[in-house]
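Worksheet for the structure shown next.
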Amino acid sequence: MSYPKNNHKHYHAHVYFDQASRELAKQIRAEAQTRFTVPVGRFHEKLVGPHTMWSFQIAFTCDDFDAVVSWLDKVRNKLSVLVHADTGNDIQDHTQFAYWLGEPVEINLSVL
């Protein structure tokens, strides 16, 4: 997959983690809350929606895209991050308009 492109108005980034990477994910989430003026979602230590790993979400617009995505790519270490458009079409957003920082994680599209 290619590096995320800023082609839409609204985006989500889902940072994936597990028990071993939990503390790094908590640090990234805390820093995102202070660094950016964008909504940062709950820290889910369970599977939520189509996500097959624990995760938290950052919502942002095209205006914040470059800053958020480049920062996430620098701090994620080996964590996988799904960056996708938020157009209202969940299937397209999680497939056609989806980009990965790191290794892709399976998405359960059957729940969308």
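Okay, here's what the table says:
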| item | result |
| --- | --- |
| Leading residue by the ranking (surrounded by the fewest Cβ atoms within 10 Å (Cβ to Cβ)) among those in the range 4-22 that are among the aromatic types (Phe, Trp, Tyr) and under 17 Å from His84 (Cα atoms) | Tyr16 |
| Check on Ala25, under 21 Å from Pro104 (Cα atoms), open to solvent by less than 60 Å² (accessible area, probe 1.4 Å) and either assigned to a loop (DSSP other than H, G, I, E, B) or touching a residue at least 12 places away in the same chain (Cβ under 8 Å) (or both) | yes |
| Residue tally, condition open to solvent by 50 Å² or more (accessible area, probe 1.4 Å) and part of a helix (DSSP H, G or I), over the range 49-70 | 2 |
| Condition broken by Asp66, with the remaining ones in (1) among the charged types (D, E, K, R); (2) in contact (Cβ under 8 Å) with a residue 60 or more places away in the chain; (3) closer than 16 Å to Arg22 by Cβ satisfied | (3) |
| Within the range 28-54, considering residues that are free of Cβ contacts under 8 Å to residues at least 24 places away in the same chain and among the small types (Gly, Ala, Ser), the one nearest to Val15 (Cα to Cα) | Gly41 |
| Residues being assigned to a loop (DSSP other than H, G, I, E, B) and either open to solvent by 60 Å² or more (accessible area, probe 1.4 Å) or not hydrophobic (A, V, I, L, M, F, W, C) (or both) - total across the range 87-104 | 9 |
| Qualifying residue in the range 4-19 (condition: among the aliphatic types (A, V, I, L, M) and assigned to a helix (DSSP H, G or I)) | no |
| Residue count, the range 36-48 (criterion: surrounded by 13 or more Cβ atoms within 10 Å (Cβ to Cβ) and among the charged types (D, E, K, R)) | 1 |
| Ile107 being open to solvent by less than 20 Å² (accessible area, probe 1.4 Å), touching a residue at least 40 places away in the same chain (Cβ under 8 Å) and under 14 Å from the mean Cα position of the chain (by Cα) | no |
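The values are calculated or read from the model by the stated rules, or taken from the named source; none is laboratory data. Quick caveat: nothing in here was measured; it's all calculated off a predicted structure. Quick reminder, even Gly has a Cβ in these numbers, built from the backbone with ideal geometry, and neighbours come from all protein chains shown. Remember, those area values only see protein heavy atoms, side chains included, never the ligands or the DNA or RNA. Shrake-Rupley method; radii C 1.70, N 1.55, O 1.52, S 1.80 Å.
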